[in-house]
Amino acid sequence: MKKLIPLLLALALLLSFGSTALASSHEYTPDDSAKLSQTITTVIPDNKLTWYLEIPADITIKQGGYDARVDLTNVEIVVDSGVLSDKQKIEASLTYDGVLTDEDNTDNKINYLLSDKNAEPEYEETAMKTGTAYVVGTKTKDAETYNAPDAWVTEYTWDMAEIGNYEGTVVYSSKLVETGA
Amino acid sequence: MKKLLSFLLILALLSGLSVIAFAEGESTGGNQAVKAQITGAPSWVLTIPADQTIEFMAEETDIVHHACSIDDPKHIPADCTINASLTHTGNFTLKTDASKTIPFTLNAFDEDVPAGTPVIASQYWGDTRNNHCYAEFNIVISRDSWASAEQGGTYTTPVTYTSELVDHIVDPADGGTDRG
């Protein structure tokens, strides 16, 4: 039994080395032009679906009334590899908190809203609710649709704002949805 | 007996000194020693990096990791350099169908190395007995290249290494590399 344990340990050691790719070596002399080969391997999964989301560039909202409206277009879902099946779609969505904060004084804030471009911007009832994900783009096997909103700021908020540079963030995300259709 | 030995030793020492003095004063020629040392042929060992796997969709992967080395140099003349270089094909090939490929570029020292063009990966300088392996060899596969793969499966590409003895010290300006 005592002899068996070292044997098993040696075997385990050999197996652990065997699972690691080893570098190779060759002794050269000046008239030797041997070539050594390193193999680089990559495995591509069958129909591995990958995609990325192109989102709008940073924007600046112009101060004042309804002129503050800014189009947030240019969201795009781009499939890198693979193909969507008939029962799959990719959805892009955005969320926002509706607050612009003064860079120099975080106590100063401006409220803003996003609205569907087809809605009347001056009505808060039709604006997108803050903190809620809204689908702004959908890509299926054969089609893609986008519904980027407008950003706008109520006249009331402008009037109350202190002078300063205000910033806020709109967050985009995307996911694969199995439709089952 | 001891006294006799001491006397003979002193006598021998004195006679030796007189011979030297005579040689310095009268000789017009002499013997020049010519020595040769047989050192054997130059040789060295090149070790290349292990085979490597690149993750799917990885855009930049270092394939050398300081692991290309020139070891055990023997009888390397001081005015010589050992260069170890690598070349690449520019394409991964599907194991089961060589017509299916994924293109890549090899980036060394922030510049693309064309396929089939050797680039120095490691050097040994005979004058300084210094050994240096360059590390910045990245296989770059763009998102478009990954996306161009027509078929899933295992793709491979060989990176080929060789080395040679160069009978001068490589000027970094000529080789485009730096000893640093």
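We did not get these values from a lab; they are worked out from the coordinates using the rules stated. As the structure is a prediction and not an experimental result, all values here were calculated from the model. Methodologically, a virtual Cβ is constructed for each residue, glycine included, from the backbone with ideal geometry; neighbour enumeration extends over all protein chains shown.
The table below gives the values:
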| read-out | value |
| --- | --- |
| 11 Å beta-carbon shell around B:L46, net charge (K/R +1, D/E -1) | -4 |
| Sorted by Cβ density within 10 Å, fewest first, the residues A:M128, B:M57 | B:M57, A:M128 |
| Total charge dipole magnitude, region A:50-178, about the Cα centre, Cβ charges on Lys, Arg, Asp, Glu only, Debye to nearest 20 | 640 debye |
| Radius of gyration and maximum dimension Dmax of region B:39-109, Cα, Å | 17.2, 52 |
| Mean Cβ neighbour count within 10 Å, used as a protection proxy, ranking A:79-85, A:46-52 highest first | A:79-85, A:46-52 |
| P(r) weight above 26 Å for region A:50-178, C-alpha pairs, percent | 29 percent |
| Gain upon complete extension [B:D112, B:H75; 0.36 nm per residue less C-alpha separation] | 9.8 nm |
| Where labels lie 7 Å past Cα in the beta-carbon direction, separation of A:L53 and A:D159 in nm | 3.7 nm |
| Exceeding the 24 Å Cα-Cα cut-off - candidates A:K139/B:K100; A:K141/B:K95; A:K35/B:K95 | A:K139/B:K100; A:K141/B:K95 |
| Region A:50-178, relative contact order in percent, only Cα pairs under 8 angstrom and at least six apart counted | 36 percent |
| Two-site FRET efficiency, A:V83 against A:T41, from Cβ-Cβ distance with R₀ of 25 Å, rounded to 0.05 | 0.55 |
| Two-site FRET efficiency, A:K141 against A:S173, from Cβ-Cβ distance with R₀ of 25 Å, rounded to 0.05 | 0.75 |
| Top positive-direction residue, dipole computed over region A:50-178 with Cβ charges, set A:A161, A:I90, A:G131 | A:I90 |
